[in-house]
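Student: Questions regarding the structure given below will be posed in turn.
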Amino acid sequence: MPQFLDPDIEKLRMLEAEKAGLQVFRNYSKAFEQHRSQKFAEEADQVEFPLVDYTALCKLIVSEQERFVPVIACAYGDDLLKAMYQREIPLSVPGGRGEMLSGLGPLSGLARRIQVAYAFSWLSEDVLEELNHLRKLRNDISHRWDVAVLKERLDALIHERQRPIEETLADGVRLPKDFHKALDPVQRFRVRILWVMGRLTYETRWWVPAVKAKLDPVKALYGSSKLSLLGKVADVCVEATKEVCASQK
C-alpha cells in the first residue's frame, strides 16, 4: 500500500487507485490554500496598523485598580468591534451602515456587536466569550455600589469563567516556564485581559478579510503564514505581562 496516504484516507473502503487520487486532490488543495494564505499575509503586511492605542490600553490594564479594568477593556473592545463593522459592512446596506451601528440599530451597543460577530463567525468564539464575560462584569460595576459584591463577582470571573490563558504562555524564552504559578488571582486576571485584548486587536482587523478571501481565518491568522502584526501584538503583550509579574502582590 502506498506510504503517502493520510491515515483517514488509508482506512477508506476504496480501490487503491481511488485512494491515491483522493490523496493527490487533498495535497493539491492544501498547497493551493497555503499559497493563497501566503499571498493574503504578504498583502496584509503592507497595511500599516499602529499599536499606539493597544499599547496605551496595556499600560492601563497593568496599572489601574482591578475593578476598573473591565470597564476600560470593554470600552476598547467596543471601539474595535465598531471599527470592524464600519470597515466590513457594505455602504449600500439598506438603511445605511451608520444606522445599523447607532440608536436602535442591530449593531448598537457592545452586547449586540458581540452576538452578531459570534452568530456569523466573524471572530474567534473564545475571544468573544471572554469579552462577553467582561461585559457582564462591567455592567455590574456600573450599576452596583457595594464593593464587596463587586469583589465576589470578580473572583467568580477569575476562578470559574475565564480560561487560564496564562498557563499556555510560558515558552521559557520570553516568559519563564511556570511563571503563572507565582501570580495571585488579580495578576492572573490582568494577564488574561492583556492577551484577550491582544487577540481582539489582531482579529478585528484581519479575521473578516480572511473570510472574504475564502480562507480559513484560523489558519490564515495563526498558521504558518500568519501576519507580522501577530508578532507585534505579542511583543506588546509579553512586555506588559512582565510588568504584571513584577508588580507588587
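The values are calculated or read from the model by the stated rules, or taken from the named source; none is laboratory data. Since the model is a prediction, treat every value here as computed from it, not as a measurement. Note that we place each Cβ from the backbone using ideal geometry, even for glycine, and neighbour counts take in every protein chain shown.
Student: Pick from 45, 8: which is of a type in the set (D, E, K, R) and either without any contact (Cβ under 8 Å) to a residue 60 or more places away in the chain or over 30 Å from residue 212 (Cα atoms) (or both)? Let's see the steps before the verdict.
Tutor: On the way: 45 fails: either without any contact (Cβ under 8 Å) to a residue 60 or more places away in the chain or over 30 Å from residue 212 (Cα atoms) (or both).
Unique residue meeting the criteria: 8.
Matching residues to (1) more than 12 Å from the chain's Cα centre (by Cα); (2) within 23 Å of residue 116 (Cβ to Cβ); (3) of a type in the set (Lys, Arg); (4) buried (at least 20 other Cβ atoms within 10 Å of the Cβ):
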position	(1), (2), (3), (4)
201	no, yes, no, yes
210	yes, yes, no, yes
213	yes, yes, no, no
241	yes, no, no, yes
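Student: If you take the residues of segment 35-70 that are among the hydrophobic types (A, V, I, L, M, F, W, C) and surrounded by fewer than 18 Cβ atoms within 10 Å (Cβ to Cβ), which of them is farthest from residue 150 (Cα to Cα)? Walk me through it before giving the result.
Tutor: Residues of segment 35-70 that are among the hydrophobic types (A, V, I, L, M, F, W, C), as a first pass: 40-41, 44, 47, 49, 51-52, 56-58, 60-62, 68-69.
Of the ones still in play, those that are also surrounded by fewer than 18 Cβ atoms within 10 Å (Cβ to Cβ) are 47, 49, 51-52, 56, 60, 68.
Working: 47: 42, 49: 36, 51: 31, 52: 31, 56: 25, 60: 20, 68: 11 Å.
Filtering segment 35-70 for residues that are among the hydrophobic types (A, V, I, L, M, F, W, C) and surrounded by fewer than 18 Cβ atoms within 10 Å (Cβ to Cβ), the one farthest from residue 150 (Cα to Cα) comes out as 47.
Student: Is there a residue in segment 51-71 that is in a loop (DSSP other than H, G, I, E, B), in the same structural domain as residue 211 (by TED's automatic domain parsing), touching a residue at least 24 places away in the same chain (Cβ under 8 Å) and within 18 Å of the chain's Cα centre (by Cα)? Lay out the reasoning, then the answer.
Tutor: Applying the first criterion (in a loop (DSSP other than H, G, I, E, B)) to segment 51-71 yields 51, 64-65.
Remaining after also requiring in the same structural domain as residue 211 (by TED's automatic domain parsing): 51, 64-65.
Within this subset, residues satisfying the condition of being touching a residue at least 24 places away in the same chain (Cβ under 8 Å) are 51.
If we keep only those that are within 18 Å of the chain's Cα centre (by Cα) as well, we get 51.
Checked against the condition, which is being in a loop (DSSP other than H, G, I, E, B), in the same structural domain as residue 211 (by TED's automatic domain parsing), touching a residue at least 24 places away in the same chain (Cβ under 8 Å) and within 18 Å of the chain's Cα centre (by Cα), segment 51-71 yields at least one hit.
Student: Still on this structure, please answer the following. Any idea which of (1) among the hydroxyl-bearing types (Ser, Thr, Tyr); (2) in a helix (DSSP H, G or I); (3) closer than 30 Å to residue 89 by Cβ is the one residue 225 doesn't satisfy?
Tutor: Among (1) among the hydroxyl-bearing types (Ser, Thr, Tyr); (2) in a helix (DSSP H, G or I); (3) closer than 30 Å to residue 89 by Cβ, residue 225 violates only (2).
Student: Provide a single number: the residues in segment 155-212 that are part of a helix (DSSP H, G or I) and closer than 17 Å to residue 240 by Cα. Steps first, please.
Tutor: Looking only at segment 155-212, we keep the residues that are part of a helix (DSSP H, G or I), and these are 155-161, 165-168, 179-182, 185-212.
From the residues that got through so far, the ones that are closer than 17 Å to residue 240 by Cα too are 165-168, 179-180, 182, 185-202.
Count: 25.
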